[in-house]
1. So what are the ³J(HN,Hα) numbers for segment B:249-264, from phi and the Karplus equation (6.51, -1.76, 1.60; θ = phi - 60°), rounded to whole Hz, Gly and Pro as x?
2. List the relative contact order of chain A as a percent without decimals, with contacts defined as Cα pairs under 8 Å and 6+ residues apart.
3. Would you mind counting up the charge near A:Thr144? Only other residues with Cβ under 12 Å from its Cβ, with Lys and Arg at +1 and Asp and Glu at -1.
4. For segment A:283-298, what does the Karplus curve 6.51 cos²θ - 1.76 cosθ + 1.60, with θ = phi - 60°, yield as ³J(HN,Hα) per residue in whole Hz, taken in order and with x for Gly and Pro?
5. Which FRET efficiency value, to the nearest 0.05, do you get for A:His322 and A:His221 by plugging their Cβ-Cβ distance into 1/(1 + (r/R0)^6) with R0 = 22 Å?
6. Accessible area per residue of segment B:125-185 at 1.4 Å probe, in Å²?
7. Treating the angle as unsigned and between 0 and 90°, give the value, to the nearest 10°, between the Cα long axis of helix A:132-142 and the longest Cα principal axis of chain A.
8. Rounded to the nearest 0.05, what FRET efficiency do B:Glu179 and A:Arg329 give with R0 = 45 Å and r taken as the Cβ-Cβ distance? Could you check?
There are 2 protein chains.
Amino acid sequence: MTDPAPLPPGSTIGILGGGQLGRMLALAAARLGLKVVVFDPDPNAPAAQVCAGHECAGYDDIAALERFAGVVDVVTYEFENIPTDALDAVEAHVPIRPDRRALATSQDRLSEKTFLEGIGLRVAPFAPVETAAELAGAVARIGTPSILKTRRFGYDGKGQVRLRSPGDAAAAWAELNEEPCVLEGFVRFEREISVIGARGVSGQIACFDPGENVHRDGILHTTTVPASIPHGLATDAVLLAGRILNALDYVGVIGVELFVTAEGLLVNEFAPRVHNSGHWTQDACAIDQFEQHVRAVAGWPLGDGQRHSDAVMTNLIGADAHDWLEAGRAGGLHLYGKAEARPGRKMGHVNRISPRR
Amino acid sequence: MTDPAPLPPGSTIGILGGGQLGRMLALAAARLGLKVVVFDPDPNAPAAQVCAGHECAGYDDIAALERFAGVVDVVTYEFENIPTDALDAVEAHVPIRPDRRALATSQDRLSEKTFLEGIGLRVAPFAPVETAAELAGAVARIGTPSILKTRRFGYDGKGQVRLRSPGDAAAAWAELNEEPCVLEGFVRFEREISVIGARGVSGQIACFDPGENVHRDGILHTTTVPASIPHGLATDAVLLAGRILNALDYVGVIGVELFVTAEGLLVNEFAPRVHNSGHWTQDACAIDQFEQHVRAVAGWPLGDGQRHSDAVMTNLIGADAHDWLEAGRAGGLHLYGKAEARPGRKMGHVNRISPRR
């Protein structure tokens, strides 16, 4: 089978979702002379300000999705919780990259963990929970402390409740509306790192150096590169990301979150898209994660993802963004064009770079 | 006098001219959460694909210029040959940065050279030519080889003819339609360098390291940074750019072209805008020339223009752009979204970076 031909400059990339990730993908595509049309129900979607076109409609509007698919050459997305019917409508016209398998695997925590175990990677102990009986059995097997997570639609700490003791189980499940869940054993980790990897249509892989993540209130606060881990572990992390990419015959950028434990690396989860913990690449690498994703999706050879500088990325959450002047003094400032700085809302980020140590 | 307040994120920058410079300015503004509306008569203007708005009209359409000025908070430009009436129409509503003085000085080679001499900088010997008698006198005084250049509207080697001997003078002037000209003595230079400098509303100055330029067929071919010049000369070049910026009470980015001669630095010309020879900053600096210009125009503090890598920028002219796949493998590829690769047309550029030597 030959690889699909690369889309020439002037081609149009469709992006499902026009938030900050869609916006930064659009800016990267523009650098490469590619046009972008974004699909997003929000008339003020951040990406819409920097795109050639904006199909403003809901993800259940099949006619709008077909219109969108009709004016683009390939479709990608900035979030993984896209309804199946929307994907069907688009895929009838143009390819979706990364493909349905990557989406299906990552949309559901149970299939994600099963897949990861299946390719020989370590994950936290887990058990599915769909009934009260399964919940009791899971708690008995996994123990506490543990975390009950909905199988779908979780992000930024949402859709999960910690169990401190077995007695918390019923209330936790009620809080999650008794949706299908996964109970995860609590992992005692030294640090959380992530690897942003990319795979092209020809199978070429390029991974960025692992970054070390610190969260606040369940939301990523900083990513620091290089991570404070031994060189061998960094290599392991990159190889592990490569294994996921190959197993999924993946095209595009993936974000893989890993826990560093006393027993080695353990996969927390992966996202089939550009990832907040990869924003540091914008100012510290020759080619950043957004351009790498666009290159892959457009069928281009991947770029050189080498890191020329060390970096600390700090998210600007909610009112943090009011200090934009100060943030702009501190380093590479990236603001998302969102009008209202609501609490917990990602408004922008700052990349501070320094010479490689 | 207090400095004007910085424009907050969400403000709108108007750009006169929607070519590649306007496009890259728009992308930089987007990174900072600023909106852009571009004014350009071309419906396919490269910048229009990445902007919130496009006023598509001629520079003589005063009503359109007023509409444009009415929806933006400040106006800048990507080219210096803007008609005076257009500037008047815009300036009645919003500030133009860099201001009219910078434009007026640089639009006319005679006022440019007179200004530069006036602030104590060296330029090539020159003489104004408006009549046949002045032409004869100029040739007698400056000698040959020399170059006859139109006072206005010259770029990329256009609007100039070389005189090899005094006998060429009349034909050269006829070729330039007997427009007002300047005769310039031919400068024997070792190399051409340029300094991209920026000045903020508060008078803060930040200059990028000088780059060394090589032209082909009158069009910039490569810029290499660092330039092969002694450290002291690089410092002189930066100080000299700073002197121009201060003398003009300038706000924005300026491109200053210099000749390195046996007797030291000599100013060739300056452009009151981002400059092709500053494109290397996109991939080799923490903050590039486009963002620096946007910051200055928006009244923000300038960013840190330090160079983290060495760089070679190569323009992709005309059919060069057909090799976009190869160019994309070589380094940071920047394509301008132009459909047709006509000979001599700037289609994009590639920045190859390497660790600082």
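The values are calculated or read from the model by the stated rules, or taken from the named source; none is laboratory data. Owing to the predicted nature of the structure, the values given are computational and were not obtained by experimental measurement. Using ideal geometry, Cβ is built from the backbone for each residue, glycine included, and neighbour counts are taken over all protein chains shown. Each accessible area value is taken on the protein alone, full model and side chains, heavy atoms only, with ligands, DNA and RNA left out. Shrake-Rupley method; radii C 1.70, N 1.55, O 1.52, S 1.80 Å.
1. With the stated coefficients, segment B:249-264 comes to 6, 7, 10, x, 9, 10, x, 10, 8, 10, 9, 8, 10, 4, 9, x Hz.
2. On the way: 798 pairs, mean separation 52.2, N = 357.
Computed over chain A, the figure is 15 percent.
3. Numbers: positive: A:Arg141, A:Arg162, A:Arg164; negative: A:Asp168, A:Glu184.
Charge balance near A:Thr144 sits at +1.
4. 10, 10, 10, 4, 10, 8, 4, 5, 5, 4, 5, 4, 4, 5, 5, 7
5. 0.80
6. It amounts to 51 Å² per residue over segment B:125-185.
7. Tilt of helix A:132-142: around 80 degrees.
8. Efficiency computed from Cβ-Cβ geometry: 0.45.
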